[in-house]
Amino acid sequence: MKTNFILSASLAIHAAIVAHEADIESLDRAIGDGDHYINMKRGSEVAASLYNELLPLPADEVLNKIGMKLLSTIGGASGPLFASFFMSMAKVSKQNGSDSLLEIAAAFAAGVQAIMQRGKAQIGEKTMLDVLVPVSHQFTLLAAEGKSSTEIAHALKETANQGLESTRNLIATKGRAAGLGERAIGHLDAGAKSCQVMIHTVCDLVIKGANP
Amino acid sequence: MKKFINQIENVLTESLSGFASAHRDLVTLQLDPTYLTRSQKAQNKVVIISGGGSGHEPLHAGYIGFGMLDAACPGQVFTSPTPDQMLAAAEAVHADKGVLFIVKNYAGDVMNFEMATEMLPFEHATVLTSDDCAVVNSTYTTGRRGVAGTVIVEKCVGSLAETGADLATCKALGDKVNARTSSIGVALTSCTVPAAGRATFDIAETELEMGVGIHGEPGRKREQMRKADAIVHDCVQAIVTDFQSKGLPTNQEALLLINGFGATPLMELYLIYHSAAKLLAGHGICVTRSLVGNYTTALDMAGASITLCLLDDEIKQHWDSPVHTPALRWGR
């Protein structure tokens, strides 16, 4: 991945999170504790604020620094989870060292794997992983088939939508909604929603012609 | 939202500064990263550090001082603190016998403390508190939440640490107190996170939330409002059932903590105490230790939690021992 792309994505993600305040917050009020949007805003804001400082650095260092900054800024569950995502992605990017779509998919998959390990969670527990795991699988599959970045971006937006929708009828077994039992059924997960927003934002950059 | 606020982003820092200044004989505040320590560093003991989201005051910073905590790390409102805060606090207070973290069992707190311990250069252990019996179904793998019973764990472990006990012994007592403590909370209203500006959930005049945690998150069940005795009856029943399911005999001495969530008057908390103690006596439980007041709050939520700790000689000794903190003080 390219430093330019990561930093453009980081600015776009901050704008997208702020634009989706109402959606994210209403989901968190329904079955969470009302702090998810505030945490996402604080995290995306601080990542975006690193733009000038990170611009001269190679991509893996950029990812790692974003991870470290999120770890000391967000708190809550999102902090360690997103930090683990970026720090693992950084490690694999450094080892691979090229910008092929397959290697970006591998780095993304390592990031998602790190979230699963840190959160001791899997798909189907009404969390962000219900969006991230299918997106990661699909990304790897399409990259292996040699699809173009634009084709992949269109497909991943749809996968993210399906993943988000899949949380509606789940009972939460991880995260703050885990105390609610069957009352969580019928509500989308706020963390899955913010991940869907972020996936869409990054994919839209690619569709508009940005080179990952 | 009608609250005493200057700037929303400054609420936490201004509140912590006021706290540290009001209790400057007992605590010292550090900012960036944010943590509080005893104003006089303890020597040659296991240091006890806790932390968690803000909005639960006096938990945890209010329990810093002799006989309880050595340091506390406050996060943003209802949001776990970050690993750099925990590392800085441990670095500041460690006294060569190891660090014991007391962590409420919430995903965020567990992960942040876990990441901190992975980077910590000292001997350490963690007691996870999980006294909330509202989370009953075993398929909920996040497990039970840590709520007001955490205060009892911090008090007892803090007392033991003052005697020079080693890290493993302190952890064992913390785990034991946690296992013998059960809580359940009822909310009459939600609460308002300052940065959100509105109540986390809506609730009618005729309703209550049974089995709430301490973050204004909805509880297990929305129920009809009813007389206090009927509400307390259901809470006591849940606690007794919880102890029975753990195989703990309940015909013994106990500590009863009636904790307000922030907007319930002491008059009502004592009424709850009156009701609960009578009901517990009916179960053969003799309440010989009590604590009534706002000890683990949820900002401005109206409601209360009932916590029962089954005592043994060791727990009794460490509950009764002297303590001197901003929020709990007796014996010295």
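Restricting to the range B:249-270, name every residue that is at pLDDT below 95 and surrounded by 14 or more Cβ atoms within 10 Å (Cβ to Cβ). I'd like the intermediate steps shown before the answer.
Step one: list which residues in the range B:249-270 are at pLDDT below 95, which gives B:249-252.
Across the range B:249-270, the qualifying residues are B:T250, B:Q252.
Is it true that B:Y295 is outside any strand (DSSP E or B), aromatic (F, W, Y), outside the structural domain of B:C170 (by TED's automatic domain parsing) and crowded, with 16+ Cβ neighbours inside 10 Å?
yes
For B:S190, which of the numbered conditions (1) buried (at least 22 other Cβ atoms within 10 Å of the Cβ); (2) more than 9 Å from chain A (Cβ to nearest Cβ) fails to hold?
Going through the list (1) buried (at least 22 other Cβ atoms within 10 Å of the Cβ); (2) more than 9 Å from chain A (Cβ to nearest Cβ), B:S190 breaks only (2).
Of (1) hydrophobic (A, V, I, L, M, F, W, C); (2) more than 14 Å from chain A (Cβ to nearest Cβ); (3) in a loop (DSSP other than H, G, I, E, B), B:I203 satisfies all except one. Which?
(2)
Which of the residues belonging to the range A:39-70 are crowded, with 24+ Cβ neighbours inside 10 Å and at the interface with chain B (Cβ under 8 Å from one of its Cβ atoms)?
Result: A:N39, single match.
When you look at A:N52, is it assigned to a helix (DSSP H, G or I), among the polar types (S, T, N, Q) and under 21 Å from A:A15 (Cα atoms), yes or no?
Yes; evaluated as a whole, the condition is true for this residue.
Kindly provide the set of residues from the range A:93-108 that are within 21 Å of A:E145 (Cα to Cα) and in a helix (DSSP H, G or I), ordered by number.
If the condition is that a residue be within 21 Å of A:E145 (Cα to Cα) and in a helix (DSSP H, G or I), then A:S93, A:N96, A:L101, A:L102, A:E103, A:I104, A:A105, A:A106, A:A107, A:F108 are the ones that fit.
Select, from B:V147, B:V110, the only residue that is of a type outside the set (D, E), without any contact (Cβ under 8 Å) to a residue 24 or more places away in the chain and within 14 Å of another protein chain (Cβ to nearest Cβ).
B:V110
Is it fair to say B:I285 is crowded, with 21+ Cβ neighbours inside 10 Å and either acidic (D, E) or closer than 14 Å to B:G185 by Cα (or both)?
So B:I285 does not fit the description; no.
Here are some conditions: (1) touching a Leu at 6+ places or on another chain (Cβ under 6 Å); (2) within 14 Å of another protein chain (Cβ to nearest Cβ). A:V135 meets all but one. Which one does it not meet?
It is condition (2) that A:V135 fails.
Report, by residue number, each residue of the range B:65-114 that is part of a helix (DSSP H, G or I) and among the polar types (S, T, N, Q).
B:Q85, B:N112
Would you call A:L7 within 14 Å of chain B (Cβ to nearest Cβ) and touching a helix residue (DSSP H, G or I) at 6+ places or on another chain (Cβ under 6 Å)? Spell out the reasoning first.
On the way: within 14 Å of chain B (Cβ to nearest Cβ): no; touching a helix residue (DSSP H, G or I) at 6+ places or on another chain (Cβ under 6 Å): yes.
So A:L7 fails the test.
Name the one entry in B:V103, B:V93 that is over 30 Å from A:M40 (Cβ atoms), in contact (Cβ under 8 Å) with a residue 24 or more places away in the chain and buried (at least 20 other Cβ atoms within 10 Å of the Cβ).
Values: B:V103 fails: over 30 Å from A:M40 (Cβ atoms).
Unique residue meeting the criteria: B:V93.
Go through the range A:159-180 and give me each residue that's surrounded by 20 or more Cβ atoms within 10 Å (Cβ to Cβ) and in a helix (DSSP H, G or I).
Hits for the range A:159-180 are A:T159, A:A160, A:G163, A:L164, A:R176, A:A177, A:A178, A:G179.
The values are calculated or read from the model by the stated rules, or taken from the named source; none is laboratory data. Since this is a predicted model, take the numbers as computed values, not measurements. No Cβ is skipped: glycine too gets one built from the backbone with ideal geometry, and neighbour counts run over all protein chains shown.
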